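Structure first, then comments.
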Amino acid sequence: MPAPAKTASAEPHVMHTYGRLPFALSHGQGAWVWDTAGKKYLDGLAGIAVNTLGHAHPKLVPALQDQIGKLIHSCNYYHVPLQEQLAAKLCELSGLSKAFFCSTGLEANEAAIKIARKYGHDKGIERPEIIVYEKAFHGRSIATLSATGNTKVQAGFGPLVEGFVRVPLNDAAALEPHRSNKNIVAVFLEVIQGEGGINPVTADYLRTVRRICDEQGWLLMLDEVQCGMGRTGKWFAHQWAGIVPDVMPLAKGLGSGVPVGAIVCGPKAADVFGPGNHGTTFGGNPLAMRAGVETLRSWKR
């Protein structure tokens, strides 16, 4: 292991928001990476579940080089044909119907929360509430932090956003008292809690929640940001339960390292947003979409 770096002198102008390991990576090939001292490592972290195709993939690299030579970014005031191409593939794989593209998992989860709230307002619910879970992690914006069930990461950032009702995972009985709450509009959960300690949702529980959401008119929103994109042996982890959600946030492995986030929605949620209700500057740009298209094209389960 290289000698520990002196954090203050190594990065004097970078905010100290990470507990850095004392080395830097210089390049990679497949599942292997090398640090700046030339030492080789097996990459078991994959950029925290991001590098779906590994490093320097022989199909992804030339595809991105080609796209960079054509068009990296265009705003969403124009059609972006690669968006439709990637959206169509995600809908085919998921059984859902429409997608919105952003840049990160946090943005995808934030959009899901907004969809749930507007879904409620459209039904005449003045103060919509969303059922979320103990030990959940959905992001670090104020809204996604409020949906998160970790007091350690919430500490110092209050007051949190209201409108979240928290229950324990895999406990169907804990949902029953909330059937009478007329403000509930959605259930929001990770199919496998990652930051919360690798806690999988059981298939039976997922099927139960799907049934309850159908009976109550709630949206079922499944956060597949980290556990989706084939990491469990199916394209999306919830598919092991044989169900289909109403809203599915994605990111991390969708672009093999290029920032790509998405929410993919079924009929109940696909048309909740109209022009002006939501948007993004960088999300869905041609480079990001080419990365997503090539990731799905090149990756083989």
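The values are calculated or read from the model by the stated rules, or taken from the named source; none is laboratory data. Everything numeric here is computed off the predicted structure, so don't read it as measured data. Don't worry about glycine lacking a Cβ; one is built from the backbone with ideal geometry, like all the others, and counts go over all protein chains shown. Heads up: the accessible areas ignore ligands, DNA and RNA and are worked out on the full protein's heavy atoms, side chains in. Shrake-Rupley method; radii C 1.70, N 1.55, O 1.52, S 1.80 Å.
Taking only DSSP H segments of four or more residues, each worth -39500 (n - 2.57), what value at 222 nm results for the chain once the sum is divided by all its residues, to the nearest 500 deg cm²/dmol? Please report the intermediate quantities before stating the final value.
Details: 9 runs with 86 residues, N = 301.
It lands at -8500 deg cm²/dmol.
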How far is the Cα center of the stretch 135-199 from the Cα center of the stretch 59-118, in Å? 26 Å
Principal-axis tilt of helix 203-216 within the chain, Cα atoms, nearest 10 degrees: 50 degrees
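State the extension gain, in nm to one decimal, for the chain segment bounded by Glu11 and Ile198, taking 0.36 nm per residue of separation less the distance between their alpha-carbons. Mind showing how you got there, number by number?
Details: separation 187, 0.36 × 187 = 67.32 nm, distance 3.22 nm.
Value of the extension gain: 64.1 nm.
May I ask you to give the percent of accessible area on the chain that is carbon plus sulfur, with a probe radius of 1.4 Å? If you can, show how the numbers build up before the last one.
Numbers: 8630 of 15240 Å².
The C+S portion of the solvent-accessible surface of the chain is 57 percent.
Please report, in debye to the nearest 20, how large the charge dipole of the stretch 131-192 is about its Cα centre when each Lys and Arg carries +1 at its beta carbon and each Asp and Glu carries -1 there.
Working: 6 positive and 5 negative charges, 25 e Å.
The dipole of the stretch 131-192 has a size of about 120 debye.
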If you line up the long axis of helix 81-94 against the longest principal axis of the chain, both from Cα atoms, how many degrees apart are they, to the nearest 10? 60 degrees
Order Thr208, Thr36, Thr144, most accessible first, counting only protein heavy atoms with a 1.4 angstrom probe. Thr36, Thr208, Thr144
With all protein chains present and a 1.4 Å probe, how do Ile142, Ile184 order by accessible area, largest first? Ile142, Ile184
Once amide H atoms are placed 1.01 Å from N in the peptide plane, what residues at a sequence separation of 5 or more from Thr148, or on another chain, have their amide H within under 5 Å of its amide H? His138
Along the dipole axis of the stretch 109-263 (charges at Cβ: +1 for Lys and Arg, -1 for Asp and Glu; origin at the Cα centre), the most positive-end residue among Pro249, Tyr205, Thr148 is Pro249
Equivalent-ellipsoid semi-axes of the stretch 60-106, from the Cα gyration tensor, Å, largest first: 21, 14, 11
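Starting from the Cα coordinates of the chain, work out the convex hull volume and express it per residue in Å³.
Values: hull volume 46.0 nm³, N = 301.
Once divided by residue count, the hull of the chain is 153 Å³.
Kindly give the semi-axes, whole Å and largest first, of the ellipsoid equivalent to the stretch 201-301, taking each as the square root of 5 times a Cα gyration tensor eigenvalue.
With the √(5λ) rule applied to the stretch 201-301, the semi-axes are 25, 20, 9 Å.
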Two pseudo-spin positions, 7 Å from Cα along C-beta at Lys182 and at Lys123, lie apart in nanometres by 1.3 nm
Taking a cut-off of 16 Å between Cα atoms, list the lysines near Lys135, but don't count ones fewer than 8 places away on the same chain. Lys152
Amide H of Ala31: which non-local residues (sequence gap of 5 or more, or other chain) have their own amide H closer than 5 Å, using H built in the peptide plane? His55
Dipole magnitude of the stretch 151-299, debye to nearest 20 (Cβ charges: Lys/Arg +1, Asp/Glu -1, about Cα centre): 220 debye
Over the chain, what is the relative contact order in percent, taking alpha-carbon pairs closer than 8 angstrom and at least six residues apart? 24 percent
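Using the alpha carbons of the stretch 28-142, what is the convex hull volume per residue in cubic angstrom, as a whole number?
Details: hull volume 23.6 nm³, N = 115.
So the per-residue Cα hull volume is 205 Å³.
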Under a 1.4 Å probe, what is the accessible area of the stretch 161-223 per residue, stated in Å²? 41 Å²
Let me know the volume per residue of the alpha-carbon convex hull for the stretch 111-259, in Å³. 111 Å³
For the stretch 85-191, place one equal point scatterer on every Cα, skip the solvent, and apply the Debye formula. What is log10 of I(q)/I(0) at q = 0.22 Å⁻¹? -1.26
